[in-house]
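For reference, the structure is listed below as structure tokens.
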Amino acid sequence: MLRDVEVIAIDGPVAAGKTMVGRELAKRLDLRYLDTGVMYRAITWLALKNATPIEDEVALGTLADETPIMLDGSNSDRVLVDGISVGPELREAEVDRHVSLVSRVSSVRSALVAQQRRMASEGRIIVVGRDIGTVVLPNADLKIYITASSEERSRRRWKEFQAQGRETDYQSVLNETRARDDVDTQRDDSPLKPAEDAWVLDTDGLTGDEVVDLIVQRVNAEAQGGIACA
Ligand code: DC
């Protein structure tokens with residue numbers, strides 16, 4: 001059966017390469033790109049900026065409900081948070097430290113999932129996150145779960161931090177990666193896991209370009225002949 005792959009869900013743990021792969025794939029396939037992690041980061045950034053207590057779930061839910069988040073240009077790292085354009089602020093250490101806690105809150109999740117579905121409803125989009133194939137877009141044309149060992153992912157993050165001039169050692173990055181994996185996979189609401197029909201792609205030993213090539217091949221094969229995701 002021929003089928004166009006126009007809505008792609010990409011999930012996976014921290015530093016699996018989802019963002020780089022998603023953004024590159026969007027360029028190659030001429031699709032829009034939405035990184036939902038940025039939305040959880042935006043609410044966390046706003047809560048820290050407003051001094052909203054991170055343990056106050058009601059206040060966080062209200063903040064997520066009342067804060068429209070929009071893409072600031074296609075495929076960009078920037079989003080408009082209540083009309084303010086933010087980008088690098090969302091990657092600061094303070095946001096990193098608190099975002100898992102904010103993204104555990106169910107009222108925050110439901111507000112952001114509603115916004116994500118609205119953005120995806122116009123079609124032709126790659127949506128990246130932790131629960132896209134399982135919760136946000138269970139009917140996506142293609143669901144991919146990108147993963148790699150915690151050591152490999154920590155090495156990648158550590159290199160990124162070094163490039164940004166952030167002082168940290170590999171062991172701390174490994175500990176933090178594992179702690180974030182625990183929060184993401186063990187939370188009650190929408191825990192990180194592959195959708196039953198997701199294509200699980202282990203990227204240990206693969207470059208980002210190789211991963212993108214593999215996915216483009218798969219999308220083309222589906223458009224030409226149809227492959228059941230497994
Ligand atoms: O991918 P990231 O590191 O930018 O994600 C930031 C946080 O948001 C991370 O703790 C997981 C969480 N997240 C989530 O719970 N659900 C999503 N769809 C996307 C991100």
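Among the residues here, residue 163 does not qualify as open to solvent by less than 40 Å² (accessible area, probe 1.4 Å) and of a type in the set (Gly, Ala, Ser).
Inspect all residues belonging to segment 207-216 and state whether any of them is of a type in the set (Val, Ile, Thr), over 18 Å from residue 97 (Cα atoms) and surrounded by fewer than 16 Cβ atoms within 10 Å (Cβ to Cβ). Yes, there is a match, as at least one residue in segment 207-216 is of a type in the set (Val, Ile, Thr), over 18 Å from residue 97 (Cα atoms) and surrounded by fewer than 16 Cβ atoms within 10 Å (Cβ to Cβ). If you check 181, 188 for being open to solvent by 80 Å² or more (accessible area, probe 1.4 Å) and either within 19 Å of the chain's Cα centre (by Cα) or touching a residue at least 40 places away in the same chain (Cβ under 8 Å) (or both), only one passes: 188. Set side by side, the residues 181, 204 differ, and just one is within 15 Å of the ligand (Cβ to nearest atom) and not hydroxyl-bearing (Ser, Thr, Tyr), which is 181. Six or more apart or on different chains, Cβ atoms under 8 Å: show the pairs whose first residue is in segment 206-227 and farther than 14 Å from residue 20 by Cβ and whose second is among the aromatic types (Phe, Trp, Tyr). Taking only residues 6 or more apart or on different chains, the pairs are 218/199.
Only one of 101, 112, 142, 137 is away from the ligand (no atom under 14 Å from the Cβ) and of a type in the set (A, V, I, L, M). Can you tell me which? Steps first, please.
Details: 101 fails: away from the ligand (no atom under 14 Å from the Cβ); 112 fails: away from the ligand (no atom under 14 Å from the Cβ); 137 fails: away from the ligand (no atom under 14 Å from the Cβ).
Matching residue, one of 101, 112, 142, 137: 142.
What about residue 80, is it near the ligand (Cβ under 10 Å from one of its atoms) and open to solvent by 30 Å² or more (accessible area, probe 1.4 Å)? For residue 80, the condition - near the ligand (Cβ under 10 Å from one of its atoms) and open to solvent by 30 Å² or more (accessible area, probe 1.4 Å) - is not met. Contact annotation: residue pairs with Cβ atoms under 7 Å, 6 or more positions apart or on different chains, pairing a residue in segment 12-38 that is more than 16 Å from residue 192 (Cα to Cα) with a partner that is open to solvent by less than 30 Å² (accessible area, probe 1.4 Å) and aromatic (Phe, Trp, Tyr), are 22/33; 23/33; 26/33.
Quick check on my filter: what residues within segment 116-125 are surrounded by fewer than 16 Cβ atoms within 10 Å (Cβ to Cβ), outside any helix (DSSP H, G or I) and not acidic (Asp, Glu)? Within segment 116-125, 121, 123, 124 qualify. Only one entry of 136, 173, 113, 128 meets the criterion of being β-branched (Val, Ile, Thr), open to solvent by 10 Å² or more (accessible area, probe 1.4 Å) and touching a helix residue (DSSP H, G or I) at 6+ places or on another chain (Cβ under 6 Å), and that entry is 113.
Here is a yes/no grid of residues against (1) farther than 27 Å from residue 156 by Cα; (2) in contact with a strand residue (DSSP E or B) (Cβ under 6 Å, 6 or more places away or on another chain):
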| position | (1), (2) |
| --- | --- |
| 29 | no, no |
| 42 | no, yes |
| 56 | yes, no |
| 61 | yes, no |
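The values are calculated or read from the model by the stated rules, or taken from the named source; none is laboratory data. As the structure is a computational prediction, the values presented were derived from the model and not from experiment. Methodologically, a virtual Cβ is constructed for each residue, glycine included, from the backbone with ideal geometry; neighbour enumeration extends over all protein chains shown. Remember, those area values only see protein heavy atoms, side chains included, never the ligands or the DNA or RNA. Shrake-Rupley method; radii C 1.70, N 1.55, O 1.52, S 1.80 Å.
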